[in-house]
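Working notes, structure below.
None of the figures in this text is laboratory data; all of them are computed from the coordinates on show. Note that the structure is a prediction, hence the values are computed from the model and not measured. Quick reminder, even Gly has a Cβ in these numbers, built from the backbone with ideal geometry, and neighbours come from all protein chains shown.
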Amino acid sequence: MLTHIAISNLITIHELLLEFSSGTTVMTGETGTGKSILIDAIELALGARAHESIVRPGQEKADISLSFDLSTLPLALAWLKNYDLDQGTHECIIRRTVDKNGRSRSYVNGMPTTLQPLRELSELLIDIHGQHEHQSLLKPEKQREMLDDFAGHLSLVDKVSALAHEWRHLNDEINTLRKLTEEKSARSDFLAFQSRELDELHITPDEFQSLDLEHKQLSHADELLQNMNVALNCLTENETHNALSCLNQALQALESLQHVDSKIAPWIDNIKSAIIHVSDTENELQRYLNGIDIDPERLAWVEERISTLFNLARKHKVSPNELYEFQQKLAAELHALENSDEHLNQLTQKLKTLEQHYQDTAKKLSQSRIKAAKKLTTDITATIHELALPHAEFLIAFEPNTVADISPHGLEKILFQIKTNAGQPMQPLAKIASGGELSRMSLAIHIATAEQHIIPTLIFDEVDVGISGGTAEIVGKLLRRLGKTHQVLCVTHLPQVASLGHQHIRVEKRNEKNHTQTHVTFLSKDEKIGEIARMLGGVAITKKTIEHAREMVEESCTV
């Protein structure tokens, strides 16, 4: 759960440090005080879009830090470990800074991170329900996601999606192959002609490199013979003076002095080693010399072969070194075309098998959705009845997909339907005319799904818009009940909701030295009574108003 939040230089907040506990925490304040600024700060820290206007005027940057206790969140701990961001404790600190130019930086446990993995982590920590989120509930894809989250079969959802994408990829490959097959006759003739032309030359791997080396040797044969003979003459073959005889003379001279000074021994070894190297070099030069061939006919053939390879390489727009590889590529494509019918049959059979696998998996998903929909329908309908809609009915309808190919979302479309009065037909949630009814529906759905949610911290940002009176008190009781199993943060303008919070935060704006400053304070019991009285009363708060507020706060302790 969220344990601390630290904010500096965010819009109208200079410095703020709050410590949170479990249960339901309500946040209230006068209209225009920016009651949702804490929610905005949390969303920013968790990766929401940032811009330079959030930085307090005159300051260099805004800084937000959130601390979480992950002792009951194995998935979040595993995520940190997977990204090498764990610290060996159950604490996780998320920090984000935004400078006055709009540039932002994010950190998890002190290590820099990008927004995408940060958003992945945030989905395991906090679920935020905004006051306008009921609009997203009107979208079928959102309704499908809520049902799947409630059912807890996300691994099955992922498997169906993966199979659908694999099917689509394979189907595209088959269509491409069919198109090539239709054109294969002309293409095969062209490839066969090119292949025959290359096959007739009997090109071998690395042939061009070998020919190039041989050409250099043949064209410089005279120069090689002359200089090799000079080298051999200097090393061994000059009868009067050569390197080998000189080394032997030096060896004999030093060996005759070895008994005089032992220091001479290493020098003798060096000369012996030099004699061995000279002898080895002489043998290698002799073998090389014997292999030199002055053959004008061979030189002419090599030059003609190189010219042929150059011309062919230019024709096919490759380098001479790539001719052999190009020939193999042509042969492979020709072979594929000649065997395309067989390959197409194999892929078609594989597609049928994959489609059957998809159908089997998607049916399991459908069965799981139907089972979860029954329970969710019952839970939401019961909650709606508590919210002063006693004759309302809720239904999760399933419609078969009509798309031609296999859908990554399964075999059906999910549609939330509702009727708010007896005798009315069921109709899509999007057709509810009353904003108050839609707001209550949204709240009922959120509460019903949240009770099954593994995310420990739930935030409700004025989701009680459009309700009042006894319904507001019921909403407060529902949120307080939710606080027994989750950490709940709720921004509200209703005293009936605010009175039922386990903790109470008041948000105020003050003008200090010509600067607007936001103050956020945890209220004591007496301060909470005063705040509830302000929310109940008008300009003047009477003794009766205060007593009414006290009664509401004291009654909340019995819920």
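Couple of notes before you dig in:
- The longest stretch of the chain left intact once loop-based GluC sites (Glu not before Pro) with at most 15 other Cβ atoms within 10 Å are removed from consideration, loops following DSSP, is 240-559.
- In the chain, the longest principal axis of the Cα atoms and the axis of helix 469-482 are about 40 degrees apart.
- Highest average first, the peptides 156-162, 501-507 ordered by how many other beta carbon atoms sit within 10 Å of their residues are 501-507, 156-162.
- Relative to the longest principal axis of the Cα atoms of the chain, helix 435-450 runs at roughly 60 degrees.
- Tilt relative to the chain, helix 243-255 - C-alpha long axis, 0 to 90 degrees, to 10: 90 degrees
- For the stretch 7-100, trypsin sites (Lys or Arg not before Pro) are listed when DSSP marks them as loop and at most 12 other Cβ atoms sit within 10 Å of their Cβ; the list is ARG49.
- Loop-located trypsin sites (Lys or Arg not before Pro) across the stretch 509-554 with a Cβ neighbour count of 15 or fewer within 10 Å are LYS513, with loop assigned by DSSP.
- The stretch 4-157: C-alpha gyration tensor shape, a/c 1.5 cut-off, then a/b vs b/c: oblate
- Arranged from fewest to most other beta-carbon atoms within 10 Å of their beta carbon, PHE522, PHE460 become PHE522, PHE460.
- Annotation: peptides 476-486, 307-317, ranked by per-residue average of other Cβ atoms within 10 Å with the highest first, follow the order 476-486, 307-317.
- Nearby lysines by direct alpha-carbon distance to LYS81 (threshold 25 angstrom, same-chain neighbours under 8 apart not counted): LYS159
- Net charge over other residues, Cβ less than 14 angstrom from the Cβ of LEU170 (K, R count +1; D, E count -1): -1
- Using a cut-off of 30 Å between Cα atoms, the listed pairs LYS139/LYS352; LYS374/LYS528; LYS431/LYS477; LYS477/LYS513; LYS61/LYS477; LYS35/LYS543 include LYS139/LYS352; LYS374/LYS528; LYS477/LYS513; LYS61/LYS477 as exceeding that distance.
- Check: the chain dipole with +1 on Lys, Arg Cβ and -1 on Asp, Glu Cβ, in debye: 3960 debye
- Taken over the chain, the percentage of Cα pairs per 20 Å bin, counting from 0 up to the bin with the maximum distance, is 15, 29, 19, 16, 14, 7, 0.
- Dividing the mean sequence gap of close Cα pairs (under 8 Å, 6+ apart) by how many residues the chain holds gives a relative contact order of 22 percent.
- Residue-span extension gain [LYS509 to ASP158] - 0.36 nm each, minus C-alpha spacing: 121.7 nm
- Counting neighbouring beta carbons within 10 Å and listing from fewest to most, the residues SER273, SER499, SER319 come out as SER273, SER319, SER499.
- Between VAL559 and THR308, the simple spin-label model (points 7 angstrom out along Cα→Cβ) gives 9.6 nm.
- In the chain, helices alone account for a calculated mean residue ellipticity at 222 nm of -17500 deg cm²/dmol, with every DSSP H run of four or more residues adding -39,500 (n - 2.57).
- Whole-number Å³ per residue for the convex hull built on Cα positions in the stretch 282-431: 311 Å³
- Look at CYS234, CYS92, CYS490 and count the other Cβ atoms within 10 Å of each Cβ; fewest to most, that gives CYS234, CYS92, CYS490.
- Length gained when the stretch THR402-LYS363 is fully extended (0.36 nm per residue, less Cα-Cα span): 12.4 nm
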